[in-house]
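In what follows, a structure is listed as structure tokens, so that the remarks can point back to it.
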Amino acid sequence: MLLGGCVMTTNAAVIANAAADYATAPGYVAGTTAPTAAPAGWEYLTSTAGVGGTENPMTAQAATGNGGAFGFAGASNSNILGDQNGAATQYEIFSDGFDGNGGAIPTGNEGVIGTDLLMHPGGDPADAFTIARYTISAADILNGTTATIAGSFRDLAGRPDRAGPSQSITADVFHNSTNLFSVTGGTAAQGTPAYLLQATGTFNITDLTVAEGDTISFVVGYNGNVAGDETALQGTIDVVPEPSTALLGGLGLLGLLRRRR
């Protein structure tokens, strides 16, 4: 935008970051103490369906998964983690989750603290889906109601050289009950039948109109078999200021420059 000889730009404001927000959870101390509740604005849930199912809240756990991690857990191996006790920069839910190789994390495919929120669906129909859901607040959209949702899902436990239904997942993004993005591990387009690569799982939803009380849900489903379903989510929600807001800011700047003259 050009205003009175000044070039104006409108910058998006990040209102939610799935991995980074975990660090703001009540009671959480990085690497040493588990959260006591989900971070502000977030819910961690299990469900019978990606949307419209029977949902139950996950509970904070001092240790969950056989990797000794702390985070949130549901009934049957459903988990959400943003950190792990003693981990420096990379972490996992299940110590033998990487094709039973003793917990060695494949280089370049690890979960990274502060970047990835790890999600794992349960093995029962009651918690076949794991949901990280953010609710838009009035403060989030104070300056604008146009949102961008960007990020990716990637399979941490699967191997590109090993196909099979035991390593297949579903990954979705919902705005309220509307599906904005959907991918299934096991499609021919991925080249390998049961491995969700980050490139295939990447999403970038723009120009989405949101309102107070709207929800954005990041969902991982077990796709019929729960083995090898550990998934890394990178997800951000940005709100772009309305043009009128930017214009008012520009007018204020122009007035200040004139007074200084």
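The values are calculated or read from the model by the stated rules, or taken from the named source; none is laboratory data. These figures come from a predicted structure and were not determined experimentally. Every residue, glycine among them, receives a Cβ derived from its backbone with ideal geometry; neighbour counts consider all protein chains shown. The protein model used for the area step is the full one, side chains on, heavy atoms only, and it has no ligands, DNA or RNA in it. Shrake-Rupley method; radii C 1.70, N 1.55, O 1.52, S 1.80 Å.
The table that follows gives values for the structure above.
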read-out: Hits in the stretch 48-82 - residues which are open to solvent by less than 60 Å² (accessible area, probe 1.4 Å), more than 18 Å from Gly111 (Cβ to Cβ) and part of a strand (DSSP E or B); value: Ala60
read-out: Filtered residues of the stretch 26-47 (kept if under 15 Å from the mean Cα position of the chain (by Cα), part of a loop (DSSP other than H, G, I, E, B) and surrounded by 14 or more Cβ atoms within 10 Å (Cβ to Cβ)); value: Ala38, Pro39, Gly41
read-out: Answer residue from the stretch 97-136, given it is modelled with pLDDT of 50 or more and of a type in the set (D, E, K, R) and is surrounded by the most Cβ atoms within 10 Å (Cβ to Cβ) among those; value: Asp127
read-out: Candidates Tyr195, Tyr222 - the one that is surrounded by 21 or more Cβ atoms within 10 Å (Cβ to Cβ), within 24 Å of the chain's Cα centre (by Cα), modelled with pLDDT of 85 or more and farther than 20 Å from Thr115 by Cα; value: Tyr222
read-out: Top-ranked residue in the stretch 150-166 [being touching a strand residue (DSSP E or B) at 6+ places or on another chain (Cβ under 7 Å) and under 11 Å from Thr231 (Cα atoms); ranked as modelled with the highest pLDDT]; value: Ser152
